[in-house]
Amino acid sequence: MKTNKTLSEIRKELGITRKAIQGYENNGLIKSDEKDRYGRHVYDEETLKKIIEIRFYQKLGFSVKEIKKLIDCDDSQLREALIEKRTEAADKIASLQRKQMIIGYLISSKTKPDMKFMLKVVKEEE
């Protein structure tokens, strides 16, 4: 027997907001065709799985727009998207490490940075 769940039950189970689920509906990622006897939207097991898939890809940094494409893509397209996302993550890590290094330097110098140093940092590409 399939068990349908209300939006509230899914929110509690997955720790997701009502707004997020409604956003998935508005973007055409999921839909609720049924309502329970109290008029609440109910979602079937397949929709719950799709919400989990969406949340998984969001945790990896994909936007809803990107996820919409990922859900229907083949394995090679998914792999390509994952490689691209990994590169983006590596770039962000490098940028954060650079910021951490600069902040560490400033802390250890115990003085405000001079204009020459600030200009050098401003001109660097990230």
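The values are calculated or read from the model by the stated rules, or taken from the named source; none is laboratory data. What you see is a predicted model, and the numbers here were worked out from it, not measured in a lab. Heads up, the Cβs are rebuilt from the backbone with ideal geometry, glycines too, and the neighbour counts pull from every protein chain shown.
Just a few scattered comments:
- Every residue from region 2-19 that is under 23 Å from residue 66 (Cβ atoms) and either modelled with pLDDT of 95 or more or loosely packed, with under 11 Cβ neighbours inside 10 Å (or both): 15, 17, 19
- Unmet requirement for residue 85, which otherwise passes all of (1) out of contact with any Gly (no Cβ under 6 Å at 6 or more places or on another chain); (2) surrounded by 11 or more Cβ atoms within 10 Å (Cβ to Cβ); (3) not small (Gly, Ala, Ser): (1)
- Among the candidates 103, 54, 93, residue that is closer than 14 Å to residue 20 by Cα and of a type outside the set (Gly, Ala, Ser): 54
- The one condition from (1) at pLDDT 95 or above; (2) exposed (fewer than 11 other Cβ atoms within 10 Å of the Cβ) that residue 56 does not meet is (2).
- Flag for residue 76 being of a type in the set (Ser, Thr, Tyr) and either over 24 Å from residue 58 (Cβ atoms) or surrounded by fewer than 11 Cβ atoms within 10 Å (Cβ to Cβ) (or both): yes
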